[in-house]
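Accompanying notes for the structure given below.
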Number of protein chains: 2
Amino acid sequence: METLHVVKIGGNIVNDEKKLDKFLSTFIQLNSPKILVHGGGSSASDLCQKLDIPIQMINGRRITDEPALDVAVMVYAGLINKKIVARLQGQSCNALGLSGADLNIIPAEKRTGTEIDYGFVGDIHADSINTHFITRLLDEQVIPAISAITHDTKGQLLNTNADTIASTLSVALSDKYEVELTYCFEKNGVLHDEDDEKTLIKTLEYDAFENLKQKKVIHEGMIPKLDTAFEALNKYVQRVQIKHANNLLKDIGTKLSL
Amino acid sequence: METLHVVKIGGNIVNDEKKLDKFLSTFIQLNSPKILVHGGGSSASDLCQKLDIPIQMINGRRITDEPALDVAVMVYAGLINKKIVARLQGQSCNALGLSGADLNIIPAEKRTGTEIDYGFVGDIHADSINTHFITRLLDEQVIPAISAITHDTKGQLLNTNADTIASTLSVALSDKYEVELTYCFEKNGVLHDEDDEKTLIKTLEYDAFENLKQKKVIHEGMIPKLDTAFEALNKYVQRVQIKHANNLLKDIGTKLSL
């Protein structure tokens, strides 16, 4: 089977034009076929603040009400997505920006039945991903750039975590490709000491992850990322790595292992 | 040749959820292949105002500086485009939202050499439109929903008038299709008296248009729209009409004639 690269790029990179350009000029050097999934980081919160849209929190969890969803759609599916597409096109890379609603590639279900009403948040499943059009696009040497916006297939847009999208897409496409999933962010990988880049864990096994979680060595933000990453590895994704955005082409980072 | 419908929908409709839903439920009844081009109307200005981004004017012409461009991209290519796509998908219509940067479908040139520096405004030409991918998508029964954002092919997004995009796309595609271009807005068509819907001009010939322009019967906002409309008709587009959004399927409106 052909190798497909699925690369997730985090908010801290996409919100910084210089870092984004540097990352994209590396990304285009990866062999095709490839897919870029991007988050938006703090830029949606920043815009909410400027617009005096209060950020609703219940029990420490953020709620996506309608104004917050509109801002997420504007920032993720609009500004960030189109900037990425224009930059890639500027480097002769035939990018196509997509939300999960476009071509119905990522149908989602509005999260319900939870204790907290999270608002317009979409849960997704690998079985529902519309791989037909994604594969057609990849066959045409198109580079999909996917934002973390999905829809309920009944007309409503939803917000879905970008790490989850990258993982679920990778699982869905592992029928047709040997998928290599890479999460890029601003650290060298998973670290024993989050303030010391030298403490990189080169290979992280699932048992060790569970152990480090219990010992609270792996901190809050990394846990859901690693949960989605291990889920991908558990469901036939060939290779899952966590890397610094600058090291996409280099053999430096954390490789996950079951 | 097969008939292709290109429908431009104006800002006053897309900014009103009820009107938009009504229009879209009519639009989906049009035979495929079809393309929707949308503007954004006052919604970008409204967001600029909320964000305290001053609207720059020189000699009565609006200037698109960087903050204004970012807002246009967020609103047109983001919020409005993705809402339209989700609504169409909700009615089992396989829509794909596109800016001109996506798949490089609409390369533009930043307007230069004019007395006024208009900022990030893109001029486009039918010869440069990338009809290959548009045709491929139409062949796959995809409905492109196109926002009025283009790019310079060097990494920079640009803002282009939506009427111009609808006209230029129609011209570019008239090699392969019998194109029917319809501009939908909130009036019955071109009116002799803009306050009296009964004064509809059913057929507008080019000479009569020039005459009504001189007599100032056709007012400012309509002139660039009709200029682009006549240009399409002049360049092999089969049929060009100006209609009320509610009358898309009805034989009520202004038909242009050379």
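Where residues in the range B:98-114 are without any contact (Cβ under 8 Å) to a residue 24 or more places away in the chain and out of contact with any helix residue (DSSP H, G or I) (no Cβ under 7 Å at 6 or more places or on another chain), which of them is surrounded by the most Cβ atoms within 10 Å (Cβ to Cβ)? Spell out how you get there, then give the answer.
Taking the range B:98-114 as the starting set, the residues that turn out to be without any contact (Cβ under 8 Å) to a residue 24 or more places away in the chain are B:102, B:111-114.
If we keep only those that are out of contact with any helix residue (DSSP H, G or I) (no Cβ under 7 Å at 6 or more places or on another chain) as well, we get B:111-114.
Numbers: B:ARG111: 17, B:THR112: 9, B:GLY113: 5, B:THR114: 10.
The qualifying residue surrounded by the most Cβ atoms within 10 Å (Cβ to Cβ) is B:ARG111.
Could you list, in sequence order, all residues of the range B:122-134 that are under 17 Å from B:ILE146 (Cβ atoms), in contact (Cβ under 8 Å) with a residue 12 or more places away in the chain and of a type outside the set (S, T, N, Q)?
The answer is B:GLY122, B:ASP123, B:ILE124, B:HIS125, B:ALA126, B:ILE129, B:PHE133, B:ILE134.
Can you name the condition, by its number, that B:HIS125 falls short on among (1) over 28 Å from A:ASP70 (Cα atoms); (2) facing another protein chain (nearest Cβ under 9 Å)?
(2)
Mind checking whether some residue in the range B:190-202 is within 14 Å of another protein chain (Cβ to nearest Cβ) and β-branched (Val, Ile, Thr)?
Checked the range B:190-202: no residue is within 14 Å of another protein chain (Cβ to nearest Cβ) and β-branched (Val, Ile, Thr).
Within the range A:207-251, restricting attention to residues that are in a loop (DSSP other than H, G, I, E, B) and crowded, with 16+ Cβ neighbours inside 10 Å, which residue is farthest from the chain's Cα centre (by Cα)? Spell out how you get there, then give the answer.
If we filter the range A:207-251 for residues that are in a loop (DSSP other than H, G, I, E, B), which is where we start, we get A:215-221, A:235-238, A:248-251.
Checking the rest, the ones that are also crowded, with 16+ Cβ neighbours inside 10 Å come to A:217-218, A:237-238, A:248.
On the way: A:VAL217: 23, A:ILE218: 19, A:VAL237: 15, A:GLN238: 17, A:LEU248: 15 Å.
Step by step, filter the range A:207-251, then rank; the result is A:VAL217.
Looking at A:ALA166, A:ALA172, A:ALA148 in this structure, which one is touching a His at 6+ places or on another chain (Cβ under 8 Å) and of a type in the set (Gly, Ala, Ser)?
Among A:ALA166, A:ALA172, A:ALA148, only A:ALA148 is touching a His at 6+ places or on another chain (Cβ under 8 Å) and of a type in the set (Gly, Ala, Ser).
Just wondering, is there one or more residues in the range A:45-53 that are at pLDDT 95 or above and out of contact with any helix residue (DSSP H, G or I) (no Cβ under 8 Å at 6 or more places or on another chain)?
Checked against the condition, which is being at pLDDT 95 or above and out of contact with any helix residue (DSSP H, G or I) (no Cβ under 8 Å at 6 or more places or on another chain), the range A:45-53 yields no hits at all.
For the subset of the range A:148-157 comprising residues that are facing chain B (nearest Cβ under 9 Å) and touching a residue at least 12 places away in the same chain (Cβ under 8 Å), which member is nearest to A:TYR76 (Cα to Cα)?
Here the answer is A:ILE149.
So which of B:GLY90, B:GLY100, B:GLY78 ends up being more than 8 Å from every other protein chain (Cβ to nearest Cβ) and modelled with pLDDT of 95 or more?
B:GLY100 is the lone residue from the list that is more than 8 Å from every other protein chain (Cβ to nearest Cβ) and modelled with pLDDT of 95 or more.
With respect to A:LYS187, determine if the residue is in contact with a strand residue (DSSP E or B) (Cβ under 8 Å, 6 or more places away or on another chain) and not in a helix (DSSP H, G or I).
yes
Please work out if A:ALA95 is of a type in the set (A, V, I, L, M, F, W, C), surrounded by fewer than 21 Cβ atoms within 10 Å (Cβ to Cβ) and either closer than 26 Å to A:HIS5 by Cβ or in contact with a Ser or Thr (Cβ under 6 Å, 6 or more places away or on another chain) (or both).
Criteria not met by A:ALA95.
Is there a residue in the range A:177-186 that is modelled with pLDDT under 95 and under 26 Å from A:ASP123 (Cα atoms)? Steps first, answer last, please.
Of the residues in the range A:177-186, the ones modelled with pLDDT under 95 are A:185-186.
From what's left, under 26 Å from A:ASP123 (Cα atoms): A:185.
Checking the range A:177-186: at least one residue is modelled with pLDDT under 95 and under 26 Å from A:ASP123 (Cα atoms).
Would you confirm whether or not the range B:165-183 contains a residue that is on the phi < 0 side of the Ramachandran plot, facing chain A (nearest Cβ under 10 Å) and basic (Lys, Arg)?
Just the residues of the range B:165-183 that are on the phi < 0 side of the Ramachandran plot, to begin with: B:165-183.
The next check asks that each one be facing chain A (nearest Cβ under 10 Å); those that pass are none.
The answer is no, given that none of the residues of the range B:165-183 is on the phi < 0 side of the Ramachandran plot, facing chain A (nearest Cβ under 10 Å) and basic (Lys, Arg).
Kindly check whether there is at least one residue in the range A:64-81 that is surrounded by 15 or more Cβ atoms within 10 Å (Cβ to Cβ) and farther than 23 Å from B:ILE84 by Cβ.
No, the range A:64-81 has no match at all.
Which of the residues that make up the range A:128-147 are part of a loop (DSSP other than H, G, I, E, B) and either within 25 Å of B:ASN104 (Cβ to Cβ) or within 14 Å of chain B (Cβ to nearest Cβ) (or both)? Spell out how you get there, then give the answer.
Filtering the range A:128-147 for residues part of a loop (DSSP other than H, G, I, E, B) gives A:129-130, A:140-142.
Answer for the range A:128-147, where residues must be part of a loop (DSSP other than H, G, I, E, B) and either within 25 Å of B:ASN104 (Cβ to Cβ) or within 14 Å of chain B (Cβ to nearest Cβ) (or both): A:ASN130, A:GLU140, A:GLN141, A:VAL142.
Can you name the condition, by its number, that B:CYS93 falls short on among (1) under 24 Å from A:ILE53 (Cβ atoms); (2) of a type in the set (A, V, I, L, M, F, W, C); (3) part of a loop (DSSP other than H, G, I, E, B)?
Status for B:CYS93: all satisfied but (1).
The values are calculated or read from the model by the stated rules, or taken from the named source; none is laboratory data. The shown structure was predicted, so the numbers you read here are calculated from the model rather than taken from an experiment. Because the Cβ atoms are built from the backbone with ideal geometry, glycine has one as well, and the counts that use them run over all protein chains shown.
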